[in-house]
Amino acid sequence: GRCMLSPGQLFEKLRLDADREDLRDFFGALGYLSHPSLRNASWQFLEPELIFDVENKTVDVTYRIVQGRQLKIREVRISGANHTRDRVLRREITVQPGEIADMKEVIRSLRRLTATGYFSDDRRPLEHNEPTYRFIATDDPEWVDIEFIVEEGRVVDFEIAGGVDSNNGIFGLLSLQMRNFDITDVPSGFFS
């Protein structure tokens, strides 16, 4: 079976939590999603039913789940990207409209968006929100939209430095670093 907890083993919270996660991932890959933004359609792992036999020092454990509704992705949205082009971000998203919602692909897409570095700000980490997502209900109960919510961090760093060198005299350095630069869309000028 799928579960770590099996007859003859000690009943431990660690095994129970591992089974909860494994079942959530198994059903999540089939479109039965578990997320706070999904109210009525959400997959849930309820508290297990426990029947104790004190004499034999055993417990019968019955896992209880609410399967919810299998969902498909209608539309993939991105909000909060003011400076980064939509197509640059969509390259990182593996969730596709028209497919059965797959939580593994949602998490993979979120990790890829985070890994770009466009949405990090190491100068103010407590005030800055990392990328996240939510599901949005549609008028058809079998379909949901997914919205990836991002907040751009420091995508442009411009530094000016200068000094005096005894051999060469006065010197200056300019540094411009753009973390969300799209190589297929080169600027036409220095300030554009």
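The values are calculated or read from the model by the stated rules, or taken from the named source; none is laboratory data. Keep in mind it's a predicted model, so treat the numbers as computed, not measured. Please note: Cβ atoms are built from the backbone with ideal geometry, for glycine as well, and neighbour counts cover all protein chains shown. SASA here: full protein model, heavy atoms, side chains in, ligands and nucleic acids out. Shrake-Rupley method; radii C 1.70, N 1.55, O 1.52, S 1.80 Å.
When the residues Phe135, Phe45 are ordered by accessible surface, computed with a 1.4 Å probe over the protein chains alone, the sequence from largest down reads Phe45, Phe135. Candidate cross-link partners of Lys104 among the lysines, defined by an alpha-carbon separation under 16 Å and a same-chain spacing of 8 or more, comprise Lys72. Working from Cα pairs under 8 Å separated by at least six residues, relative contact order for the range 10-155 is 24 percent. The GluC sites (Glu not before Pro) of the range 35-109 that meet both conditions, a loop assignment by DSSP and at most 16 other Cβ atoms within 10 Å of the site Cβ, are Glu55, Glu99. Panel note: the C-alpha atoms of the range 1-96, placed on their principal axes, show extents of 67, 24, 22 Å (largest first). Dividing the mean sequence gap of close Cα pairs (under 8 Å, 6+ apart) by how many residues the range 36-82 holds gives a relative contact order of 37 percent.
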